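A.B. asks: Just passing along the structure, written as structure tokens.
The values are calculated or read from the model by the stated rules, or taken from the named source; none is laboratory data. Since the structure is predicted, the reported quantities are computational estimates derived from the model, not experimental observations. Positions of Cβ are generated from backbone atoms using ideal geometry, with glycine treated the same way; all protein chains shown enter the neighbour counts. Note: areas computed on protein heavy atoms with side chains; ligands, DNA, RNA excluded. Shrake-Rupley method; radii C 1.70, N 1.55, O 1.52, S 1.80 Å.
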Amino acid sequence: MDLQQTPALNFDSAVSAAAHDRVVETSIPSRLDALPWSGFHTRVVLALGITWILDGLEVTLAGALSGALKQSATLHFSNLDLGFANSAYLAGAVLGALGFGWLTDRIGRKKLFFITLAVYLSATAATALSWNIASYALFRFLTGAGIGGEYTAINSTIQELVPARYRGWTDLVINGSFWIGAAMGAVSAIILLDPAVIGPELGWRLAYLIGATIGLVVLFMRMWIPESPRWLMIHGRPDEAHAIVDDIERSVIGHRQSETALTKIRIKMRDHTPLREVVHTLFSVYRQRALVGLVLMSAQAFFYNAIFFTFALVLTDFYGISADGVGWYILPFAAGNFLGPLLLGRLFDTLGRRTMIVLTYGASGILLAISGYLFSIGALSAQGQTIAWMVIFFFASPAASAAYLTVSETFPLEVRALAIAVFYAIGTGIGGVVGPALFGALIDTGSRTSVFAGYLLGSVLMIAAAIVAWRYAVAAERKPLEQIARPLAFME
């Protein structure tokens, strides 16, 4: 039996209020890592990936619908209004990640799946009823809060359920599925904004309702995913953890695994981790890893949010593309973003984390600087600009996903969700919230040179992040989570 109590403990007794004082020896982490890829893992990918599809849908709609919102007889948004609303969405994601991230480590991954999804569903449906910039920004803020909470619970679950040798590729592909949602948002905008079909005034409202509809499907798919056995073990519920792993093994290989070659660890169970210990762990014990996570998150957040949230504005204001035609340009852009993690993701598990992070961040920054210069001198057509973005984000997409991978696998289990939340929040606050508003203002100047200056800033941030990763990133490929960062509850 893999769950062995210390001699003084009666393991068969119910978990009591003093469960956090008990010490158990467990092979659950090595049992999970020893499993081959199976239908169970595929179902986990599908159920988690759909949330990223929703996020992609939300962000793309915000960009693709910008022209319609400016032309709306009810709203009459300016570029500054749109930048403010997009920043409100990101601010909501930041606060949602922090609040829900704390709860994810406190009450578990699975419960938060349903809480954050309910927030998202309600807010995105309400967005369709917006009547002015204040209401629109408020509903976008709440939508972002739901999505931000999803980031923490989902990335934690990926790390804790997927075998170590598949962890990098799986994380990147799930996060990359954002761009399937982006493609869906683009197609929705093409159809719903077409005056011959529905028209922009009603179309943008119906577009937001699509996200709420898809979210209802996710509610049922979430039933496939169990609570993290690793989380249950540490939080005084070893019987449940044991039962879940037994069920997973039966579904994957038809029987329990032999424990002869499995590694065991001893942990002291606890019901929660004090906030002071969380802060000490993140910023003192793992100070260097915290620096890497902060730099990677900040650079990719500015790079992505600043450019993608204003994608449609560049096409409409500088290339004269009509609002109902923007979706056609987003489709190839989304394809490049999804193909990047899909095709390069395996290399994060073979060539290694550090090599691939440096490659993807560095290539993204260099390519953006080159394309930004070509944009500034008017050398690119709308089609050429889109192809350039497609190539850039083929590398930038796995780079952004690698930031989440890094902060979710290099800290102890007890603080994993909050670590994701903290670095996402700080990174997005520094790079993401400021970015859309800044680029909205730069585009409003009508100057290509001003916009190019913004692109150069994003380029410098990505190249600097590549340098930091080369020097300090952790080689976490194919290693058990407990080897990368021992649980705080670990006992010698």
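A.B. asks: Here is a list of conditions, (1) open to solvent by 30 Å² or more (accessible area, probe 1.4 Å); (2) touching a helix residue (DSSP H, G or I) at 6+ places or on another chain (Cβ under 7 Å), and R287 meets all of them except one; can you say which number that is?
C.D. replies: Tallying (1) open to solvent by 30 Å² or more (accessible area, probe 1.4 Å); (2) touching a helix residue (DSSP H, G or I) at 6+ places or on another chain (Cβ under 7 Å), R287 fails exactly one: (2).
A.B. asks: Something else about it: Scan the range 248-263 for residues that are surrounded by 16 or more Cβ atoms within 10 Å (Cβ to Cβ) and either of a type in the set (K, R) or part of a helix (DSSP H, G or I) (or both) and jot them down.
C.D. replies: Listed by number, the residues that qualify are I248, E249, V252.
A.B. asks: Which residue pairs have Cβ atoms closer than 7 Å, lie 6 or more positions apart in sequence or on different chains, and pair a first residue in the range 370-393 that is modelled with pLDDT under 90 with a second residue that is not in a helix (DSSP H, G or I)?
C.D. replies: Filtered contacts from the range 370-393: A382/I321.
A.B. asks: In the range 264-276, what residues are open to solvent by 60 Å² or more (accessible area, probe 1.4 Å), under 23 Å from R237 (Cα atoms) and outside any loop (DSSP other than H, G, I, E, B)?
C.D. replies: Within the range 264-276, R266, K268, L275 meet the criteria.
A.B. asks: Would you mention how many residues in the range 439-492 are open to solvent by 10 Å² or more (accessible area, probe 1.4 Å), more than 23 Å from G362 (Cβ to Cβ) and in a helix (DSSP H, G or I)?
C.D. replies: Qualifying residue count, the range 439-492: 9.
A.B. asks: Can I ask one more? Can you confirm whether the range 272-286 contains a residue that is touching a Leu at 6+ places or on another chain (Cβ under 6 Å) and among the aromatic types (F, W, Y)?
C.D. replies: No - not one qualifying residue is present in the range 272-286.
A.B. asks: Ok, one more. Quick one: which residue in T281, T355 is crowded, with 20+ Cβ neighbours inside 10 Å and farther than 30 Å from A85 by Cα?
C.D. replies: After ruling out the rest, the residue left standing is T281.
A.B. asks: I'm checking my understanding of the structure. Among residues of the range 75-102 that are open to solvent by 50 Å² or more (accessible area, probe 1.4 Å) and either at pLDDT 80 or above or part of a helix (DSSP H, G or I) (or both), which one is farthest from L488 (Cα to Cα)?
C.D. replies: Checked the range 75-102; the qualifying residue farthest from L488 (Cα to Cα) is L80.
A.B. asks: Quick one: in the range 384-409, which of the residues that are closer than 17 Å to F333 by Cβ, crowded, with 24+ Cβ neighbours inside 10 Å and not aromatic (F, W, Y) is farthest from the chain's Cα centre (by Cα)?
C.D. replies: Here the answer is I392.
A.B. asks: I'd like the full set of residues that are open to solvent by 20 Å² or more (accessible area, probe 1.4 Å), part of a helix (DSSP H, G or I) and not aliphatic (A, V, I, L, M), limited to the range 361-383.
C.D. replies: Across the range 361-383, the qualifying residues are Y373, S376, Q383.
A.B. asks: I've got another one for you. Quick one: is F114 of a type outside the set (G, A, S), modelled with pLDDT of 85 or more and either outside any helix (DSSP H, G or I) or open to solvent by 10 Å² or more (accessible area, probe 1.4 Å) (or both)?
C.D. replies: Taking the combined requirement at face value, the residue does not satisfy it.
A.B. asks: Quick one: which helices (runs of 4 or more DSSP H) lie wholly within the range 133-222 and hold at least 2 residues that are modelled with pLDDT of 80 or more and closer than 18 Å to L57 by Cβ?
C.D. replies: 133-161, 167-176, 178-192
A.B. asks: Within the range 410-426, which residues are under 20 Å from S459 (Cα atoms) and crowded, with 24+ Cβ neighbours inside 10 Å? Explain how you work it out, then say what you get.
C.D. replies: Filtering the range 410-426 for residues under 20 Å from S459 (Cα atoms) gives 424, 426.
Selection gives Y424 alone.
A.B. asks: Mind listing whichever residues of the range 40-74 are at pLDDT 85 or above, within 27 Å of N337 (Cβ to Cβ) and not polar (S, T, N, Q)?
C.D. replies: Of the residues in the range 40-74, the ones at pLDDT 85 or above are 40-43.
From what is left, the residues that are within 27 Å of N337 (Cβ to Cβ) are 41-43.
Scanning the range 40-74 gives H41, R43.
A.B. asks: Look at A485 and say whether it is under 19 Å from the mean Cα position of the chain (by Cα) and hydrophobic (A, V, I, L, M, F, W, C).
C.D. replies: So A485 fails the test.
A.B. asks: Return yes or no: is G336 within 30 Å of I190 (Cα to Cα), not acidic (D, E) and not in a helix (DSSP H, G or I)? Walk me through how you get there before you give the answer.
C.D. replies: Working: within 30 Å of I190 (Cα to Cα): yes; not acidic (D, E): yes; not in a helix (DSSP H, G or I): no.
No: the conditions fail for G336.
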